[in-house]
Amino acid sequence: MHPLSNMGLIRLMIRKLAQEQGWTLKEVSEPSGVIYTTVR
């Protein structure tokens, strides 16, 4: 699988999990240490 495909899948999974928990992507990015634009 192409690496960019993996990144797209990871982004979708993060968005889905955040939505299920009622978190914003900013709330996900700050404690994880990943910058917001990467998570977005």
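Could you list, ordered by first residue, the pairs with Cβ atoms under 7 Å in which the first is in the stretch 17-28 and on the phi < 0 side of the Ramachandran plot and the second is at pLDDT below 85, at least 6 apart or interchain?
Listed pairs, sorted by first residue: 18/28; 25/36; 25/39; 25/40; 26/36; 28/39.
Given the conditions (1) surrounded by 13 or more Cβ atoms within 10 Å (Cβ to Cβ); (2) β-branched (Val, Ile, Thr); (3) at pLDDT below 80, report the number of the one that residue 38 does not fulfil.
Residue 38 satisfies every listed condition except (1).
The values are calculated or read from the model by the stated rules, or taken from the named source; none is laboratory data. In this text, all values refer to a predicted model and were calculated from it rather than measured experimentally. Counting neighbours? That spans all protein chains shown, and the Cβs are built from the backbone with ideal geometry, glycine included.
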